[in-house]
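The values are calculated or read from the model by the stated rules, or taken from the named source; none is laboratory data. What you are looking at is a predicted structure, and each value in this text was computed from that prediction instead of being measured. Quick reminder, even Gly has a Cβ in these numbers, built from the backbone with ideal geometry, and neighbours come from all protein chains shown.
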Amino acid sequence: MTYVVGVTGGIGSGKTAATDEFQRLGIDVIDADVVAREVVEPGSVCLKEIQHHFGPEVIQSDGHLDRKALREKVFSNNDEKEWLNQLLHPEIRRQILAQLNNASSKYVILSAPLLLENGLDKYCDQVLVIDVPESLQVERTVTRDNTSEEQVAAILNAQMTREERRRKADDIIVNDTTLNALHTQVQELHKRYLEAAIAHPS
């Protein structure tokens, strides 16, 4: 398999801005969030299973999954959440591995907010964490998603702590200033990953 760099970071860390720059540099980016949406597209086996299990009220009139209705059903029910995870996680993993195998750039980025929590780092040769102070995560997410600080705090609590994420990282980009500064750090790492990929036995 191609040399794989896992990219992760807490909500509002700027993970997408970093992976967009890797993409601009010609690197294939596989986004676990995109894959998670694809496996429940209308007509998919997973969506049919979800509809059969939870009923028609979790399907919108256009045939797409009603994520809000599904969230409400699993939010406070651990058994239902576990059932959903057992259904979706293996399929998401299978799709991610297929896309990693089909990547054609010199190395490939696997971007996932829960890369470390879900054990996806075992498919990575290197783990890059996009890191920001928690106060900045809250500020950015409230502005971006037009949500409350309480909701952002709940999401932060569900994710790995900043300290633990940093401990598990091979590389860290601190994204607490400008977009240009972020791009400069990405470009430096890109050179290093290209060298590592050349030395990596495929």
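Every residue in region 1-49 that is hydroxyl-bearing (Ser, Thr, Tyr) and surrounded by fewer than 21 Cβ atoms within 10 Å (Cβ to Cβ), please.
Within region 1-49, the first condition is being hydroxyl-bearing (Ser, Thr, Tyr), and the residues that meet it are 2-3, 8, 13, 16, 19, 44.
Answer for region 1-49, where residues must be hydroxyl-bearing (Ser, Thr, Tyr) and surrounded by fewer than 21 Cβ atoms within 10 Å (Cβ to Cβ): Thr2, Thr16, Ser44.
Can you find a residue that is closer than 29 Å to Val39 by Cβ and polar (S, T, N, Q) anywhere in region 184-194?
Taking every residue of region 184-194 in turn, none turns out to be closer than 29 Å to Val39 by Cβ and polar (S, T, N, Q).
Considering only region 4-28, how many residues are out of contact with any Leu (no Cβ under 8 Å at 6 or more places or on another chain) and either under 25 Å from Arg144 (Cβ atoms) or without any contact (Cβ under 8 Å) to a residue 24 or more places away in the chain (or both)? Write out each step before concluding.
Step one: of region 4-28, the residues out of contact with any Leu (no Cβ under 8 Å at 6 or more places or on another chain) are 9, 13, 15-16, 19-20, 22-28.
Of the ones still in play, those that are also either under 25 Å from Arg144 (Cβ atoms) or without any contact (Cβ under 8 Å) to a residue 24 or more places away in the chain (or both) are 9, 13, 15-16, 19-20, 22-25, 27.
Final tally of qualifying residues: 11.
Is it the case, given these coordinates, that Leu70 is at pLDDT below 95, of a type in the set (A, V, I, L, M, F, W, C) and in a helix (DSSP H, G or I)?
On the way: at pLDDT below 95: yes; of a type in the set (A, V, I, L, M, F, W, C): yes; in a helix (DSSP H, G or I): yes.
So Leu70 fits the description; yes.
Could you run through region 163-202 and say how many residues are at pLDDT below 90 and closer than 17 Å to Gly6 by Cβ?
Within region 163-202, residues that are at pLDDT below 90 and closer than 17 Å to Gly6 by Cβ number 1.
Check off (1) assigned by TED's automatic domain parsing to the domain that holds Gln187; (2) out of contact with any Gly (no Cβ under 9 Å at 6 or more places or on another chain); (3) among the charged types (D, E, K, R) for Lys15 and give me the number that stays unchecked.
It fails just one condition, (2).
Which condition does Leu194 not pass, out of (1) among the hydrophobic types (A, V, I, L, M, F, W, C); (2) touching a helix residue (DSSP H, G or I) at 6+ places or on another chain (Cβ under 8 Å); (3) in contact (Cβ under 8 Å) with a residue 60 or more places away in the chain, if it passes all the others?
That leaves (2) as the condition not met.
From (1) assigned to a strand (DSSP E or B); (2) in contact with a Ser or Thr (Cβ under 7 Å, 6 or more places away or on another chain), pick out the condition that doesn't hold for Val4.
Among (1) assigned to a strand (DSSP E or B); (2) in contact with a Ser or Thr (Cβ under 7 Å, 6 or more places away or on another chain), Val4 violates only (2).
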